[in-house]
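Engineer: If you scroll down you'll find the structure; I have some questions about it.
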Amino acid sequence: MLQNKKLFLFDIDGTIAVGDTLYEGSADLLAYIEQIGGKAYFITNNSTKSGADYVAKFTEKFQLKTTEDLFITSGYMTIQFLKENFMGKKIFVLGTKSFIAELKKNNLTVTEQPETDIDCILVGYDSELTYEKLTKTCQVLSTTDAPFYATNPDLCCPIDFGFIPDCGAICEMLTSSTGKKPVYLGKPSKKVCDVCMELSGFSSDETLVVGDRLYTDIACGINAGVETCVVYTGEATPEEVAVSPYKPNYTFDTIKDLYHALITG
């Protein structure tokens, strides 16, 4: 049941906030989690920002105090994978300046040029996307046999007026042009939840994944064997839940409604 939960894994965009606006109830819910001795991690698939970028945003825009270790982003998961499998090898990257800087900070060998000795191709959600970047990525995909990875399969990212293309949509353009399909490294991989449980020490029974997207957020929790909750402030709708193979354990209209359910029992 909800009242047994101590570890909360929150998606950000469309779940607790949209753009620079924190949803009503989000701050109260985070305070409640701290009050009961629980822990909150933010498991966003948005790879445009590093953990440090998110700490700055939460402080400046939301007036929330956080620390970098609480942000388990698709970028973070991707970096762990690359360090384990492609350290010392050349990685072609399509991504934001912040994401590329984070890769280099972790001593990974990165290039944005279509060279011939590429060992790995990586695509992230790129809010700085240009046609030139797409062209270079198509060139590498078409002229090498390097494995193709991407940070996350999300097709769209919530924004204040609706939605904009996310990493999955960018990859669909690349796949349509080259026939190459990526392996996705962020949610819905169960490893995202596993990392949070290992870091916090809480069990799967004490864990709840909260998100707005069924095929990433809810699927991630299901894959990890933990309970899930969807809020209808982002992509998912009641109609979609009714026909989706990814059924959440709990559904609420807003994060505020989840907070009220927790405090009222």
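The values are calculated or read from the model by the stated rules, or taken from the named source; none is laboratory data. Everything quoted here is computed from the prediction, not taken from an experiment. Using ideal geometry, Cβ is built from the backbone for each residue, glycine included, and neighbour counts are taken over all protein chains shown.
Engineer: If I filter the range 54-61 for residues that are of a type in the set (S, T, N, Q), at pLDDT 95 or above and under 20 Å from the mean Cα position of the chain (by Cα), do I get at least one hit? Walk me through how you get there before you give the answer.
Structural biologist: From the range 54-61, those of a type in the set (S, T, N, Q) are 59; that's our starting set.
Of the ones still in play, those that are also at pLDDT 95 or above are 59.
Adding the requirement that they be under 20 Å from the mean Cα position of the chain (by Cα) leaves 59.
Within the range 54-61, one or more residues are of a type in the set (S, T, N, Q), at pLDDT 95 or above and under 20 Å from the mean Cα position of the chain (by Cα).
Engineer: Can you find a residue in the range 146-153 that is over 28 Å from Gly234 (Cβ atoms), at pLDDT 95 or above and not assigned by TED's automatic domain parsing to the domain that holds Lys191?
Structural biologist: yes
Engineer: Related question: From the list Ala40, Ala52, Ala27, pick out the single residue that is assigned to a strand (DSSP E or B) and of a type outside the set (Lys, Arg).
Structural biologist: Only one candidate passes the filter, namely Ala40.
Engineer: In contact (Cβ under 8 Å) with a residue 40 or more places away in the chain, part of a loop (DSSP other than H, G, I, E, B) and among the charged types (D, E, K, R) - does that describe any residue in the range 87-95?
Structural biologist: Looking for residues that are in contact (Cβ under 8 Å) with a residue 40 or more places away in the chain, part of a loop (DSSP other than H, G, I, E, B) and among the charged types (D, E, K, R), one finds none in the range 87-95, hence no.
Engineer: If you don't mind, another one. Restricting the search to the range 17-35, which residues are of a type in the set (D, E, K, R) and either touching a helix residue (DSSP H, G or I) at 6+ places or on another chain (Cβ under 6 Å) or without any contact (Cβ under 8 Å) to a residue 40 or more places away in the chain (or both)? Let's see the steps before the verdict.
Structural biologist: Taking the range 17-35 and keeping what is of a type in the set (D, E, K, R), we get 20, 24, 28, 34.
Residues satisfying the conditions are Glu24, Asp28, Glu34.
Engineer: Within the range 149-182, can you find the residues that are part of a loop (DSSP other than H, G, I, E, B) and either among the charged types (D, E, K, R) or farther than 17 Å from Val93 by Cβ (or both)?
Structural biologist: Pro153, Asp154, Leu155, Asp160, Phe161, Asp166, Gly179, Lys180, Lys181
Engineer: With the structure loaded, tell me whether Lys247 is over 16 Å from the mean Cα position of the chain (by Cα), in the same structural domain as Thr135 (by TED's automatic domain parsing) and over 19 Å from Tyr23 (Cβ atoms) or whether it fails that test. Before you say what the answer is, go through the steps one by one.
Structural biologist: Working: over 16 Å from the mean Cα position of the chain (by Cα): yes; in the same structural domain as Thr135 (by TED's automatic domain parsing): no; over 19 Å from Tyr23 (Cβ atoms): yes.
Criteria not met by Lys247.
Engineer: Mind listing whichever residues of the range 170-186 are modelled with pLDDT of 95 or more and in contact with an Asp or Glu (Cβ under 9 Å, 6 or more places away or on another chain)?
Structural biologist: Within the range 170-186, Ile170 is the sole residue that qualifies.
Engineer: Looking for whichever is closer than 23 Å to Cys220 by Cα, at pLDDT below 95 and either surrounded by fewer than 19 Cβ atoms within 10 Å (Cβ to Cβ) or of a type in the set (Val, Ile, Thr) (or both) here; the options are Thr15, Thr44. Which one fits?
Structural biologist: After ruling out the rest, the residue left standing is Thr44.
Engineer: Still on this structure, please answer the following. For the range 147-156, does any single residue satisfy the condition of being over 20 Å from the mean Cα position of the chain (by Cα) and either without any contact (Cβ under 8 Å) to a residue 24 or more places away in the chain or surrounded by fewer than 20 Cβ atoms within 10 Å (Cβ to Cβ) (or both)?
Structural biologist: Yes: the range 147-156 contains one or more residues that are over 20 Å from the mean Cα position of the chain (by Cα) and either without any contact (Cβ under 8 Å) to a residue 24 or more places away in the chain or surrounded by fewer than 20 Cβ atoms within 10 Å (Cβ to Cβ) (or both).
Engineer: Considering (1) part of a helix (DSSP H, G or I); (2) free of Cβ contacts under 8 Å to residues at least 24 places away in the same chain, say which one Ile79 fails and leave the rest.
Structural biologist: (2)
Engineer: Please go through the range 230-248 and give me each residue that is touching a residue at least 40 places away in the same chain (Cβ under 8 Å) and within 21 Å of Ile33 (Cβ to Cβ), ordered by number.
Structural biologist: Val231, Thr233, Gly234
Engineer: Just need a number here: residues in the range 116-148 that are out of contact with any Gly (no Cβ under 6 Å at 6 or more places or on another chain), over 20 Å from Asn85 (Cα atoms) and not in a helix (DSSP H, G or I).
Structural biologist: Total satisfying the criteria: 5.
Engineer: For the range 4-15, does any single residue satisfy the condition of being assigned to a helix (DSSP H, G or I) and within 14 Å of Lys187 (Cβ to Cβ)?
Structural biologist: Initially, the range 4-15 is screened for residues assigned to a helix (DSSP H, G or I), giving 4.
Going one step further and asking which of them are within 14 Å of Lys187 (Cβ to Cβ), we end up with none.
No, every residue in the range 4-15 fails to be assigned to a helix (DSSP H, G or I) and within 14 Å of Lys187 (Cβ to Cβ).
Engineer: Quick one: Gly186 ticks every box in (1) farther than 30 Å from Gly38 by Cβ; (2) of a type outside the set (A, V, I, L, M, F, W, C); (3) outside any helix (DSSP H, G or I); (4) out of contact with any strand residue (DSSP E or B) (no Cβ under 8 Å at 6 or more places or on another chain) bar one, so which box is it?
Structural biologist: (1) is the only condition that Gly186 fails.
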